[in-house]
Amino acid sequence: MEVQLTNRQQHILWATVRHYIATAEPVGSKALVEEYDLGVSSATIRNVMGVLEKSGLLYQPHTSAGRVPSDSGYRIYVDQLITPSLRSRSVSQTDATRTEALGREVEVALQKRLQWEDWSLETLLQGAAQILATLSGCISLITMPQTTTALLRHLQLVQIEAGRIMLIVVTDSYETHSRLMDLPSVPEEIQRDSEVIDRELQIVSNFLNSHLRGRSLLELAHLDWSQLDREFQRYGEFLKNSVAELTRRTVAPATTQIMVRGVAEVLRQPEFSQLQQVQTIIHLLEEEQDQLWRLIFEEPDIEDVGKPRVTVRIGAENPLEPIRTCTLISSTYRRGSIPVGSVGVLGPTRLDYESAIAVVAAAADYLSEAFGYFNP
């Protein structure tokens, strides 16, 4: 969502979100005047809050109440008003310094309390989950590492009809997976000649098999497809997206076990006062971990310039119904450049985003280093 805010609107939105996170009470102009040095009158703040409400960034839970951030308001807050590493500048340099300090605090806590040289990997992950829950105040989620995955035995690109291509992948266990996609843009004179397309697809298939046979599907999803011969570079983005999608759909985890900590503390928050909502979240955490695993292990393409390495899903952005009133923040830990597991925190949308983002990023870095020790 593209919303252009003035500096004043940014500062008032920032202050409103911060105050609501701290108090869980609808925010009025008087509270902002008293708590924040915004340099404007209460009447000006009320007018700006009205504009923000019309833009869908704030709303009033009751007619006589103050305002609270919407999911869109939190999204602007996360993308534009806090940590610079999440694409944009920070409204407050103090916030940036605080975020860096939080990251260091997590690293120190993990290093002091977890000695991976003396522990098993599972024990290490359990300890990391507990520390993450304590420092973030959220439910922490750490997946067991996926140390094994299907290897590519054969890959084939086949033209199904004009403008449509099927990617077929055969793994080392002889399982077959396929994905149908539109043909990438080609010159019109070539597109009309199906024999030319068939020959190109066969050459590309042969090239890929000779270079990629024996590699894991997870590794394929993170290859630099620009290494294709210049003649076939137009297929690069198509193949990259196809293989990434196939990997998400077909790489079943060796185990869907997720280390979960901090549930009791989070469920005391006012947002979880309804028993039915609590029950659906508990059911997801205990009985449907495979759905949750696929969600938090699906990372953004870190090769794209400007994309954050920590994923923040706010409210309705979450595809799983039980957590559509929550915020899920996640990242992956890696073996070299290949993601093998994920780290996340789950809490209400009224969340200390700076802290949660910092602790998730630091924990992912620490576990990547630790996994290198266990799997040199």
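Points worth noting:
- A264-E317 FRET efficiency (beta carbon distance; Förster radius 30 Å; 0.05 resolution): 0.70
- Legend: ranking of residues S42, S136 from fewest to most surrounding C-beta atoms inside 10 Å; resulting order S42, S136.
- Gained length - E100 relative to D79, 0.36 nm times residue gap less alpha-carbon distance: 5.9 nm
- Most to least packed among 323-332, 208-217 [average Cβ atoms within 10 Å]: 323-332, 208-217
- A full extension of the chain between S173 and T134 corresponds to an added length of 9.8 nm, given 0.36 nm per residue minus the alpha carbon distance.
- Residues T44, T176, T311 arranged by fewest to most Cβ contacts within 10 Å: T176, T44, T311
- Extending 7 Å from Cα along the Cβ direction at E53 and again at V196 yields two label points whose distance is 6.2 nm.
- The simple spin-label model puts a point 7 Å past each Cα toward its Cβ; for E286 and F207 those points are separated by 5.4 nm.
- Integer Hz, Karplus 6.51/-1.76/1.60 couplings in order for segment 197-208, x for Gly and Pro: 4, 4, 5, 4, 4, 5, 5, 4, 4, 4, 4, 5
- Each of the peptides 153-165, 45-57 was scored by the mean count of other Cβ atoms within 10 Å over its residues; in descending order, highest first, they stand as 45-57, 153-165.
- Listed from fewest to most Cβ neighbours within 10 Å, the set L102, L58 follows the order L102, L58.
- Between Q276 and V108, the modelled labels are 4.7 nm apart [label points 7 Å from Cα along Cα→Cβ].
All of the numbers you see were taken from the coordinates with simple rules; none came from a lab. No experiment lies behind these values; they were computed from the predicted model shown. Please note: Cβ atoms are built from the backbone with ideal geometry, for glycine as well, and neighbour counts cover all protein chains shown.
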